[in-house]
Amino acid sequence: MLEAIVYIVFCVLTGLCGVDRRMGFFGTFLLALITTPFVVLPVLLLTGPSRRAEWHRRN
């Protein structure tokens, strides 16, 4: 039971890392839940930031 809770916490943390990405929190969280958070983290490095995040950086 503890392992499942730790796994879900890592998935949530990975989802939070993906908030400003094109997949967003929910997409990143689901991908981490299906695969593993350690597979999704390199995917986050490869995907670009969302257009909303890029627009806020320019202004």
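The values are calculated or read from the model by the stated rules, or taken from the named source; none is laboratory data. Note that the structure is a prediction, hence the values are computed from the model and not measured. As a convention, Cβ positions derive from the backbone with ideal geometry for all residues, glycine included, and neighbour counts pool all protein chains shown.
Of everything listed in (1) exposed (fewer than 14 other Cβ atoms within 10 Å of the Cβ); (2) over 12 Å from the mean Cα position of the chain (by Cα); (3) at pLDDT below 90, the single unmet condition for residue 5 is (3).
Looking at region 3-25, which of its residues are of a type in the set (Val, Ile, Thr) and farther than 15 Å from residue 42 by Cβ? If you could, list the steps in order and put the result at the bottom.
First, pick out the residues of region 3-25 that are of a type in the set (Val, Ile, Thr): 5-6, 8-9, 12, 14, 19.
Matches in region 3-25: 5, 6, 8, 9, 12, 19.
Assessment of region 42-52 against the conditions (surrounded by 12 or more Cβ atoms within 10 Å (Cβ to Cβ), part of a helix (DSSP H, G or I), hydrophobic (A, V, I, L, M, F, W, C) and at pLDDT 90 or above) yields no matching residue.
Would you call residue 16 loosely packed, with under 13 Cβ neighbours inside 10 Å and touching a helix residue (DSSP H, G or I) at 6+ places or on another chain (Cβ under 7 Å)?
Working: loosely packed, with under 13 Cβ neighbours inside 10 Å: yes; touching a helix residue (DSSP H, G or I) at 6+ places or on another chain (Cβ under 7 Å): yes.
Against the criterion (loosely packed, with under 13 Cβ neighbours inside 10 Å and touching a helix residue (DSSP H, G or I) at 6+ places or on another chain (Cβ under 7 Å)), residue 16 qualifies.
Each residue in region 1-41 was checked for being β-branched (Val, Ile, Thr) and not in a helix (DSSP H, G or I), and 3 of them qualify.
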